[in-house]
1. Against the conditions (1) in contact with a strand residue (DSSP E or B) (Cβ under 6 Å, 6 or more places away or on another chain); (2) in contact (Cβ under 8 Å) with a residue 24 or more places away in the chain, where does Q98 fall short? Just the number, please.
2. Report the residue count in segment 28-63 for those that are open to solvent by 40 Å² or more (accessible area, probe 1.4 Å), over 21 Å from D112 (Cβ atoms) and not in a strand (DSSP E or B).
3. Please go through segment 71-95 and give me each residue that is more than 17 Å from G56 (Cβ to Cβ) and surrounded by fewer than 15 Cβ atoms within 10 Å (Cβ to Cβ), ordered by number.
4. Check segment 192-214 and report whether any residue there is under 18 Å from L63 (Cα atoms) and either within 19 Å of the chain's Cα centre (by Cα) or open to solvent by less than 50 Å² (accessible area, probe 1.4 Å) (or both).
5. So which residues in segment 10-27 are open to solvent by 70 Å² or more (accessible area, probe 1.4 Å) and within 19 Å of the chain's Cα centre (by Cα)?
6. Looking at segment 107-131 only, could you name the residues that are open to solvent by less than 20 Å² (accessible area, probe 1.4 Å), assigned to a loop (DSSP other than H, G, I, E, B) and not hydroxyl-bearing (S, T, Y)?
7. Let me spell it out: the conditions are (1) modelled with pLDDT of 95 or more; (2) closer than 28 Å to A88 by Cα; (3) open to solvent by 20 Å² or more (accessible area, probe 1.4 Å), and G173 meets all of them except one. Which number is the exception?
8. With respect to T22, is the statement that it is β-branched (V, I, T) and in contact with a strand residue (DSSP E or B) (Cβ under 9 Å, 6 or more places away or on another chain) true?
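The values are calculated or read from the model by the stated rules, or taken from the named source; none is laboratory data. Given the structure is predicted, the values throughout are model-derived calculations rather than measurements. Heads up, the Cβs are rebuilt from the backbone with ideal geometry, glycines too, and the neighbour counts pull from every protein chain shown. Note: areas computed on protein heavy atoms with side chains; ligands, DNA, RNA excluded. Shrake-Rupley method; radii C 1.70, N 1.55, O 1.52, S 1.80 Å.
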Amino acid sequence: GYTTTMNKKGVCNNIMVARSKTPEGPYEKWNGSGWGGSTPEPIITHDASHDFWGVGEPSFIELNGTLYIYYTHSMGSIEYCMVATADARDENWPATIQKQGVACVKKTDSLDIKYVEDWGKFIAVSTGDRMGENSWLAIYESDDGMRFELVDATRENTFPGLHNAGISSRPNGHINLAEDADKLCVIYAYGRQWASWNTRVQPITLTLTDGNDI
């Protein structure tokens, strides 16, 4: 999934998708009714004012035949993480997308969302104080994949200028702690100089607790 713009200023964005059997390609883009061709079409469009950033930064999870699609919706001073669902068993699943509303009002950067099989929970990683000197990693969770809340924060051993964080997972967006523990990483961009970003790949451990440390 990727973000595309319809405006020279980079606003009024939509979400597109392409597929391939291998990371190297070749890729087929969704064309509105199927895959391929030279005229790609969005799977989710920005249908509000063109003065705003729009939609983008998609994250996908497949669970029990349902594809969960998470994405940012920016309306000026307020940004949302939205959720939509589709039939993952249908090859033309973009045609089955149904918007499910607001997953959370974001106080942080874009959310990258995964499903932890051991807990039956959806978790998300994001960055707070995006690109700031005191930026930090934010953790969200959900029991149903529809509504998320900010539950934890990691401020130690992170770097200034954090943004666009993600968490490693299996191709379907799942994490199995028993089998994937040695492979789990948070990946994010950072740096003090604009447009001169480093990439951090940080091994992590996930633990379920009753409290939080926000």
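1. Q98 satisfies every listed condition except (2).
2. So the answer is 14.
3. First pass over segment 71-95, keeping only residues more than 17 Å from G56 (Cβ to Cβ): 77, 85-93, 95.
Correct list: S77, R89, D90, E91, N92, A95.
4. So in segment 192-214, the residues under 18 Å from L63 (Cα atoms) come out as none.
For segment 192-214, residues under 18 Å from L63 (Cα atoms) and either within 19 Å of the chain's Cα centre (by Cα) or open to solvent by less than 50 Å² (accessible area, probe 1.4 Å) (or both): absent.
5. Of segment 10-27, the ones open to solvent by 70 Å² or more (accessible area, probe 1.4 Å) are 19, 21, 23-24, 26-27.
Listed by number, the residues that qualify are R19, P23.
6. Of everything in segment 107-131, those that are open to solvent by less than 20 Å² (accessible area, probe 1.4 Å), assigned to a loop (DSSP other than H, G, I, E, B) and not hydroxyl-bearing (S, T, Y) turn out to be D109, L111.
7. Status for G173: all satisfied but (3).
8. Numbers: β-branched (V, I, T): yes; in contact with a strand residue (DSSP E or B) (Cβ under 9 Å, 6 or more places away or on another chain): no.
For T22, the condition - β-branched (V, I, T) and in contact with a strand residue (DSSP E or B) (Cβ under 9 Å, 6 or more places away or on another chain) - is not met.
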